[in-house]
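Reviewing the structure listed below.
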Ligand SMILES: NC(=[NH2+])NCCC[C@H](N)C(=O)O
């Protein structure tokens, strides 16, 4: 059921957040010498004016397919890892989340490679005729044909460095906030509390590893519409630091945080409420399990 809940939560989150993610990627990878966008709002306005609203949804196919499945893996692995670890402690919450974050990189990296390349090709152009990639799947097929398995896993190291601690903090923050907000199934304010806890968990998670995300986007977008600029992670870090200083590592952060709250508020609230109602019958039919042995999503549904 954790997997099913993650699926539904993931799809809801993508629909809410993709435009913010497109703005984030454009700001992260735009030219420093001749920047197209002055900031978050200007980027939103420019994309809508030059590429219509559809420009904000470029590359949504990949996360819609990928994030839905990724969230199924994330919540499934986290729930099962918590049951394996036994006691529901903050350390176990972090470890179970980190394990889920690490495992989902297998899907996340190729998915974000296709998404990033789709989001950055044809920047500023309305017509789609001269595009290298027709869609996310075509993008991955072309990369695989040209560069093999190594090519579709470009950015894997930075994805692992971003996601493993990022998801540990994601679930630890959610568990901590749902406890301190006393989220109980019979609480009349359960939904706003879950939305607040989920949204803040998303923000905490993205803030914790954001500089790594900038490097990952630059490496995955490298070569779109021009020659490759980077010879690996450290070269990308050195060039970014030399040209832009510390600001390089905060490019697109505003849009990321604007996206992180609604997307993760939607995802966590959907998952928790789904598990709560789907397990209601278990609570009626059997002795409630020890609350200290269940992950937060199960604990909320058992009492
Ligand atoms: N890279 C992270 N910070 N991951 C944690 C949040 C993941 C969530 N699915 C999102 O897209 O916002």
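Within region 161-187, being in a helix (DSSP H, G or I) and away from the ligand (no atom under 11 Å from the Cβ) holds for 172, 175, 176, 177, 178, 179, 180. In region 209-223, is there at least one residue being part of a loop (DSSP other than H, G, I, E, B) and modelled with pLDDT under 90? Yes. Residue-level analysis places residue 97 outside the set of residues that are modelled with pLDDT under 95 and either more than 13 Å from the ligand (Cβ to nearest atom) or in contact with a helix residue (DSSP H, G or I) (Cβ under 8 Å, 6 or more places away or on another chain) (or both).
Restricting attention to region 34-81, the residues that are without any contact (Cβ under 8 Å) to a residue 60 or more places away in the chain and within 14 Å of the chain's Cα centre (by Cα) add up to 5.
Would it be correct to say that residue 263 is out of contact with any strand residue (DSSP E or B) (no Cβ under 7 Å at 6 or more places or on another chain), within 20 Å of residue 172 (Cα to Cα) and at pLDDT below 95? Please lay out each step first, then the result.
Details: out of contact with any strand residue (DSSP E or B) (no Cβ under 7 Å at 6 or more places or on another chain): yes; within 20 Å of residue 172 (Cα to Cα): yes; at pLDDT below 95: yes.
Answer is yes for this residue.
Every residue in region 192-214 that is away from the ligand (no atom under 13 Å from the Cβ) and touching a residue at least 24 places away in the same chain (Cβ under 8 Å), please. Break it down stepwise before answering.
So in region 192-214, the residues away from the ligand (no atom under 13 Å from the Cβ) come out as 192-197.
Passing the criteria: 194, 195, 196, 197.
The residue of region 224-247 that is surrounded by the fewest Cβ atoms within 10 Å (Cβ to Cβ), among those that are touching a residue at least 60 places away in the same chain (Cβ under 8 Å) and part of a helix (DSSP H, G or I), is 243. Would you call residue 203 assigned to a helix (DSSP H, G or I) and within 30 Å of residue 227 (Cβ to Cβ)? Here the answer is no, as residue 203 does not meet what is asked. On the basis of being surrounded by 13 or more Cβ atoms within 10 Å (Cβ to Cβ), under 23 Å from residue 111 (Cα atoms), more than 13 Å from the chain's Cα centre (by Cα) and more than 13 Å from the ligand (Cβ to nearest atom), does residue 254 make the cut? So residue 254 fits the description; yes. The requirement of being closer than 26 Å to residue 99 by Cβ, at pLDDT 90 or above and away from the ligand (no atom under 14 Å from the Cβ) is not satisfied by residue 1.
The values are calculated or read from the model by the stated rules, or taken from the named source; none is laboratory data. Since this is a predicted model, take the numbers as computed values, not measurements. Every residue, glycine among them, receives a Cβ derived from its backbone with ideal geometry; neighbour counts consider all protein chains shown.
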